[in-house]
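*Asks:* Here it is, the structure in full.
The values are calculated or read from the model by the stated rules, or taken from the named source; none is laboratory data. Owing to the predicted nature of the structure, the values given are computational and were not obtained by experimental measurement. All Cβ positions, glycine included, derive from the backbone under ideal geometry; neighbour counts span all protein chains shown. Surface areas here come from the heavy atoms of the whole protein model, side chains and all, with no ligands, DNA or RNA. Shrake-Rupley method; radii C 1.70, N 1.55, O 1.52, S 1.80 Å.
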Amino acid sequence: MGEIMADSARRHLKNAMVVTLLDGVVTEDERNYLETLRERLNIGRDEFDQLVQEVQADPKRLVVPRDDQAEETLRILVEAAASGEGISDSEEKMLKKVADHLGLGDAALARLMPSAQVDPALAAEIEKKCDEAYRHFSQWSPETRQAKFEEIGSQGQAAVIPLLRILESYRTPDGAENNLEMNEFVVRQLAALGDTRAIYYLVQQITLGDTDDEISNSSLREACAHAVSQISGQTFDGTETLGIVEAARRWWQGTEHAEYNHLAL
């Protein structure tokens, strides 16, 4: 399984390189994107250099098998195309051909395209609701808190990035000592939305804590572990000696999670 995931990671990175070379010039933004992608896919510098040589030898060869990672393959190609100065006409034509080849079609591509993901008016409305949560969370009853965050989550995929911004932010709700309780509501909505892009960020809440935070953050970490399990389909069975949080950590330390790294925003 680990070798399969490693092959998949290499394929994703090579495909991204091919896309950034379509117009013959790799911009600084595209270079930065490739470097970020390399790190998220856990590909070392030597292996990266080898992949560069392979792409230079065959700069137009995309590898897009019709497998269970078809949508992830298309997503990474869209991200690579958008990493420069927007998606060009030639890149969009290529993406359409790939979507057809993968059996995903125009609807899947339209959903993944940056310009189609969030209507500006809807995005502004969601941000307004998120700001309202920061200002009034401490005064709301548990029932109101749940209703308010369900209202945000009801906006579907357009709510994913705003919710992740809250999860990643150090901002504390007005009148609260910390943001842990509010983040639990965020995590539950991310779990309900089921977007795999959230997995990387949920795992950071599980794995990047100081020892002093283990007790105070335990409820949030457990919520994140349950969310990762729900979104990924992995089962983190807690036992007397191994709780769900530690089980999720060990899963992330292995190789099976690699397919989710490249989805980080």
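*Asks:* What number goes with the only condition from (1) farther than 25 Å from Trp252 by Cα; (2) surrounded by 12 or more Cβ atoms within 10 Å (Cβ to Cβ) that Glu85 does not pass?
*Replies:* (2)
*Asks:* For the range 124-163, which positions are assigned to a helix (DSSP H, G or I) and small (Gly, Ala, Ser)?
*Replies:* Ala124, Ala133, Ser138, Ala147, Gly153, Gly156, Ala158, Ala159
*Asks:* Right, something else. I want to confirm something. Restricting to the range 161-202 and keeping residues that are of a type in the set (Phe, Trp, Tyr) and modelled with pLDDT under 90, which single residue is least open to solvent (accessible area, probe 1.4 Å)?
*Replies:* Tyr201
*Asks:* Checking Gln50 against (1) open to solvent by 50 Å² or more (accessible area, probe 1.4 Å); (2) in contact (Cβ under 8 Å) with a residue 24 or more places away in the chain, which single condition isn't satisfied?
*Replies:* It is condition (2) that Gln50 fails.
*Asks:* Can I ask one more? Conditions first: (1) of a type outside the set (Asp, Glu); (2) closer than 26 Å to Trp252 by Cβ; (3) modelled with pLDDT of 85 or more; (4) surrounded by 15 or more Cβ atoms within 10 Å (Cβ to Cβ). Asn32 passes all but one, so which condition is the exception?
*Replies:* (4)
*Asks:* Something else: Is there a residue in the range 108-115 that is assigned to a helix (DSSP H, G or I) and touching a residue at least 60 places away in the same chain (Cβ under 8 Å)?
*Replies:* No: the range 108-115 contains no residue that is assigned to a helix (DSSP H, G or I) and touching a residue at least 60 places away in the same chain (Cβ under 8 Å).
*Asks:* From the set of residues in the range 126-160 that are open to solvent by 60 Å² or more (accessible area, probe 1.4 Å) and within 22 Å of the chain's Cα centre (by Cα), which is modelled with the lowest pLDDT?
*Replies:* Once the filter is applied, the top-ranked residue is Gln157.
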